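The values are calculated or read from the model by the stated rules, or taken from the named source; none is laboratory data. Computed from a prediction, not measured in an experiment: that's the story for all the values here. Note that each Cβ is placed from the backbone with ideal geometry, even for glycine, and that neighbours are counted across all protein chains shown.
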Amino acid sequence: MGQAEQRADTAFTEGHVEVDGLRIRYVEAGQGSPVVMLHGVGGLILAKLHDELAKKYRVMAFEMPGFGQSPANTASQSVKDLAQTMAQAATQLGLNSYALIGTSFGSRVALWHALQSPQQVDLLVLVAPTAVLPERYTMPVVAPDQIAKLLFAHPENVPAQLPADPANVAKEMALVQRIQGASRDTELEDKLGQVQTQTLVVFGTADKVVPPAMGRTYRERMPNCHFVMVYDAGHAVATERPEALSNTIADFLDLRETFIVSRRDGRINP
Amino acid sequence: MKASLYARMQYVAPQPLPSGWPIAPALYDSKIGMQSFQDGMEKLEFADHMGFDWISFSEHHYSYNSVAPHPAIMAAAVADRIKQARLAILAHILPLNNPVRVAEELAMLDYLTGGRLVVGFLRGTVNEDQTFSVNPTETRGRSLESMELILKALTEPQPFGWEGRFYQFRTVAVWPRPLQQPLPPTYVLTRSPESAEFAASHHLGLGVSFAPVQSTAEVMNHYRSMCVDHGWEPTEDHLLFRATIMVGETDEEAQEGVRRYWSSRILGDSTPAARAVSTLGSRLRGSAMAAPQRQNGDDTPGSPEAVGRPLNFVGSPDTVFRQIKEYHDECGVGTVDFLFQGPAMEHKAVMKSLELFAKEVLPRMQELTSRC
C-alpha cells in the first residue's frame with residue numbers, strides 16, 4: 001500500500017481490490033468499527049470529514065470504478081450493478097457489517113447496496129442524496145467556472161480548487177449518465193420503504209443541486225430514518241460545514257437512534 | 001394603506017426616572033404598574049374599535065419604556081379582547097429567544113387570534129442582548145440562523161434535526177402548524193443588508209423603524225431590487241414602517257406635546273452597564289444601511305436631527321396625513337405601526353392624540369391605494 005492523498009491531515013493508506021475484473025482503489029485510516037464511504041460525482045476527495053471519522057472508526061473510502069485514475073468503467077450497467085460491485089469490494093476487505101456513508105451520487109449506490117445486501121449495512125448515512133428527486137427534475141448543468149456557485153452556499157469562502165482533469169471529468173460524467181439513466185430512479189424511490197436499516201439523511205439548507213426539502217421524503221417513506229438539516233451549507237456539505245457534518249454523523253454512528261438525545265454538558269461552572 | 005397601533009405598556013412615573021439602563025426595579029411602583037397595564041389595554045381596545053388594522057407588541061427589557069418583556073404573552077392576553085385588528089408581534093428579539101420556542105408561540109398565537117397573527121423578526125440592541133447574556137458580536141449570525149430555523153420549524157411537515165452554527169436541535173416537529181398557510185404575514189425589521197437580503201430571498205416583508213423618509217426610501221428601494229433579483233416583486237403590503245407620532249388640534253399644540261411628553265430619554269452613560277453597551281454598540285452597528293442609528297435601550301428616534309423633525313409625524317391631522325402620505329408615495333410603505341406613547345406622556349394625552357388620529361387621519365390613510 002502506498003501513501004494516499006494528503007488533503008486530509010490523517011495519513012490514509014491506499015490499497016486495491018479486484019471485483020468483476022475491475023480494480024478498485026480505496027484509502028483507509030483509523031481503528032474501530034468499520035465505516036465505508038462512497039463519494040459523489042466529483043470522485044474521491046479526502047477531506048476533514050474523513051479525518052474526523054478516522055479518529056474513532058476504521059474508515060475505508062472507495063474510489064468507485066470509472067472515477068479518478070481508474071480506467072473507464074464499461075462493466076457496470078446500472079447503479080444497482082455498481083452497488084453490487086461495491087458490496088463485493090467491501091466483502092473482499094473482510095467486512096461483514098459496517099456503517100455505509102454515501103454522498104450525493106454515492107447515496108444512490110449506497111441505498112441500492114442497503115436494499116440488495118441489507119445484512120452488510122448496519123447503519124446508513126446519506127449526505128446530500130440524489131436518490132429522490134422532484135418531478136421533472138434535471139440535474140443543473142453549469143460552466144466549469146460556475147461549479148463552485150452551484151455547489152456551495154458561500155463559494156467566496158471556499159479556497160480555490162485546482163481544475164479537474166477534463167478527460168477524467170468526461171469519463172466520469174459518461175459513466176454517471178449511462179448508469180443513472182433518467183435523472184429520477186423511480187424504482188429506488190418505490191423501494192425506500194423496504195430499507196429497514198437505521199438511516200441518517202443530511203442536507204445543507206442552501207443545496208442548489210437537490211432541493212433540501214427532498215429530505216422529508218426519505219423521512220416519510222423510510223421506517224427508520226432521521227432527517228437533519230445543516231444550516232448554511234450547499235450541496236458540498238462536507239466542505240462548507242465539516243464540523244457540523246462530522247459531529248452529526250459521529251453521534252449517529254456512536255449512538256444510533258439515541259443520537260437525538262442531548263448529552264451536552266450545560267454547566268458553565270462546577 | 002394600513003395603520004397599526006404599537007401598543008406599549010408604558011410605565012409613566014409621576015416624577016422623571018433616571019436615564020440609563022438598566023433601571024433599578026426598586027423604582028417600580030406596583031400601583032403605577034397596574035395602572036399602566038390597564039391604560040395600555042384601554043388604548044388598544046380603543047384602537048381596535050376605531051378601525052386600526054393591526055395592534056402590535058414588541059419585546060423590551062429592564063426599562064420603563066415598554067414594560068412587556070414578552071410580546072407573545074401580551075398578544076395572548078388580548079387575543080379575545082381585540083375583535084377586528086390583526087395582532088402583530090413586532091417583534092421577538094431573535095438572539096434572545098430559543099427559535100423553536102418562538103415558532104411554537106407564533107403557531108399557537110395564530111390560533112388564539114383566529115388567524116390574525118402578523119410576525120416580525122428583529123435583531124435587537126446591545127443592551128437587550130445582555131438581558132440573556134448573549135454576546136453582541138454573535139447577534140447578526142444568530143438572527144439570520146434563527147429566522148431560517150423558525151421558518152423551517154413552521155413549515156416543515158416532517159420532523160427534522162438542525163445543525164446550525166448557534167443552534168442545534170436533533171428533533172424539531174412543531175405543533176400546531178400555523179392556521180395561516182403556509183405562513184402568517186411575516187416581516188424582517190431591519191436596516192442591515194444581510195437581513196434585507198434574507199427577507200427578499202425568502203419572500204418576506206421588510207420593516208424599517210423611525211428613519212426619515214429619504215433613508216427609508218433608500219432601504220426599501222434596495223430591498224425591492226433584491227426581491228427582483230430573487231424573482232418576485234413586493235407589494236405595498238410587504239413594506240412596513242414603524243413611526244413615532246404626536247397629533248394635536250393644531251401644529252402648535254402637537255409641537256407643544258412633543259416638548260412636554262417626548263423629552264429624549266436615551267440610554268446615556270449614567271450607569272456602568274449603559275456605558276459598556278453604549279461603547280460596544282457604536283462599534284458593532286456600523287453596517288446598517290442608510291438610516292441613522294437609534295439609541296440603545298430605546299427605539300424612539302435618537303435626535304431631532306435624525307428625522308428632520310422631533311418625531312416622524314407631528315402636527316395637526318392635516319399635517320400628519322401629509323407626512324404619512326409622503327412615506328406612502330416616496331417609499332411605497334403600505335402599513336405604518338404608530339407609537340403614540342411618549343416616554344413621559346400620561347394616558348389622557350395619549351388618548352387625545354390617538355382619538356384625533358383615529359377620527360381624522362385613519363380614514364383618509366386607509367383610502368390611500370397602492371402605487372405598486
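One table, with the values for the structure above:
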read-out	value
Region B:37-55, residues that are without any contact (Cβ under 8 Å) to a residue 60 or more places away in the chain and not in a strand (DSSP E or B)	B:37, B:38, B:40, B:41, B:44, B:45, B:48, B:49
Every residue from region A:166-189 that is out of contact with any helix residue (DSSP H, G or I) (no Cβ under 9 Å at 6 or more places or on another chain) and not β-branched (Val, Ile, Thr)	A:167, A:168, A:170, A:171, A:172, A:173, A:174, A:177, A:178, A:182, A:183, A:184
Of all residues making up region A:223-255, the number that are part of a helix (DSSP H, G or I), more than 12 Å from chain B (Cβ to nearest Cβ), of a type outside the set (A, V, I, L, M, F, W, C) and under 16 Å from the mean Cα position of the chain (by Cα)	1
Residue A:241 being over 30 Å from residue A:190 (Cβ atoms), modelled with pLDDT of 95 or more and surrounded by 16 or more Cβ atoms within 10 Å (Cβ to Cβ)	yes
Region B:148-175 - residue that is assigned to a helix (DSSP H, G or I) and within 11 Å of chain A (Cβ to nearest Cβ) and, of those, surrounded by the most Cβ atoms within 10 Å (Cβ to Cβ)	B:149
Cβ pairs under 6 Å, 6+ apart, first in region B:224-238 and in a helix (DSSP H, G or I), second hydroxyl-bearing (Ser, Thr, Tyr) and surrounded by 13 or more Cβ atoms within 10 Å (Cβ to Cβ)	none
Among (1) surrounded by fewer than 24 Cβ atoms within 10 Å (Cβ to Cβ); (2) away from every other protein chain (no Cβ under 12 Å); (3) touching a helix residue (DSSP H, G or I) at 6+ places or on another chain (Cβ under 9 Å), the one test that residue A:206 misses	(2)
Qualifying residue in region B:109-122 (condition: closer than 30 Å to residue B:272 by Cβ and part of a helix (DSSP H, G or I))	no
Some residue of region A:256-268 being among the hydroxyl-bearing types (Ser, Thr, Tyr) and either away from chain B (no Cβ under 13 Å) or surrounded by 21 or more Cβ atoms within 10 Å (Cβ to Cβ) (or both)	no
Checklist (1) within 14 Å of chain A (Cβ to nearest Cβ); (2) without any contact (Cβ under 8 Å) to a residue 40 or more places away in the chain; (3) surrounded by fewer than 19 Cβ atoms within 10 Å (Cβ to Cβ) applied to residue B:77, failing item	(1)
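Rundown of residues vs (1) in contact with a helix residue (DSSP H, G or I) (Cβ under 7 Å, 6 or more places away or on another chain); (2) of a type in the set (Gly, Ala, Ser); (3) exposed (fewer than 14 other Cβ atoms within 10 Å of the Cβ); (4) modelled with pLDDT of 95 or more, yes/no style:
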| site | (1), (2), (3), (4) |
| --- | --- |
| B:4 | no, yes, no, yes |
| B:11 | yes, no, no, no |
| B:14 | no, no, yes, no |
| B:26 | no, yes, yes, no |
| B:31 | no, no, yes, yes |
| B:43 | yes, no, no, yes |
| B:53 | no, no, no, yes |
